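Down below is the structure, laid out as structure tokens.
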Amino acid sequence: MLAYLRPWIPVWSGWFRGRRDLVLENAALRQQLAMYERRRPQIRDADRWFLAALIHLWPGWRNAVVVVPPETVVRWHRAGWRRYWTWRSRGPRPGRPRIDAEVATLIRRMTEENPRWGHMRVLGELRKLGFSVSLQTVRRYRRDVPRDPASSWRTFLENHRPEIWAADFFTVHTLSFQTLYVFFMIAHDRRTVMHVNVTRHPQASWVWRQLINATPWGSAPRFLIRDRDRLYGGDFVARAKRIGIRTVLTPIATPQANAVAERLVGTFRRECLDHIIVLNERHLRGVLREFVRHYNEARPHQANDLQPPEASFVAHRSAEGRVISRPVLGGLTHEYEREAA
């Protein structure tokens, strides 16, 4: 008999409860039912805020909350209380006031344009311009500027370009599967190929003879850029210094530091060697001799305003004269010029 009457006990007790308690209990039960009916039952932030708010609105909330223990709801309420009073007690931002955006932008600009300047130099320049900032402020805003490690290298190349040569090796395989070594030197100023030679057995003494042959009568450059290949020999730097050449060694595994020489290697391969089967050392030396002559005297170069490195003429402005072509390397490429009247 008691089992039949037990479901009706909450109904009878509802007659004696206030409407406010019934509404809050109904809302709490509906909220928890909605949590169970979700595709993936989970407790969201909105659920936590709703259940925590019941603590203030309804004293009997413990009897209606069944999805989590009452202690969990109390913990949510305390966390909400801390966030609320943190928000209420917020005040002005502590510390020094922020500097103007103009000053911050100027600090970053000075750092980018002058990577070798220190904090004090930037601070002095700002004070010259009438800006009153502290050294700590300069440090903070300079820290956000990414440094370009290649900027000083580019500046060096730009300032000393007429006095710089670059040297490098590359290999070529012959028809009989032999490996030949090509050594060359190129000037940065006009991208002129100053010297090229071939050998089967590269040694330090052979490399040194190539440098001597390429720099007769005081025509040596001031700087020579090269990699750290052992083929140059351990005393190459000291010997080059005695004849007035300062050797600039590129960092390890950094071919872009010798980009002019690396690009010439690509030109040799794309425009010449990739289309020829080299028979032997003598054949390769003749091919390179003709291609270097074409490269220096007739091939336009972007760095020279589309003029050859050894251009001894000014581009024709008129359309007079018949255009003739001259084959290079058996017709692998051609040179064009106007026939003399």
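The values are calculated or read from the model by the stated rules, or taken from the named source; none is laboratory data. Only a predicted model underlies this, so the values are computations on that prediction, with no experimental measurement involved. Every residue, glycine among them, receives a Cβ derived from its backbone with ideal geometry; neighbour counts consider all protein chains shown. Ligands, DNA and RNA are stripped out before the accessible areas are found, and what is left, the full protein with its side chains, is counted by its heavy atoms. Shrake-Rupley method; radii C 1.70, N 1.55, O 1.52, S 1.80 Å.
Note on segment 224-341: Cα Rg divided by 2.2 N^0.38 Å, N the number of residues, gives 1.39. Looking at segment 98-201, the accessible area is 59 square angstrom per residue; that uses a 1.4 Å probe and ignores ligands, DNA and RNA.
Report note on the peptides 173-185, 321-333: ranked by the mean count of other C-beta atoms within 10 Å, highest first, their order is 173-185, 321-333.
Taking every protein chain into account, the accessible area of segment 246-341 amounts to 65 square angstrom per residue (probe 1.4 Å). Each peptide in 294-301, 204-211 was scored by the mean count of other Cβ atoms within 10 Å over its residues; highest first, the order is 294-301, 204-211.
Shown for segment 249-332: the carbon plus sulfur share of the solvent-accessible area, taken with all protein chains present and a 1.4 angstrom probe, equals 52%.
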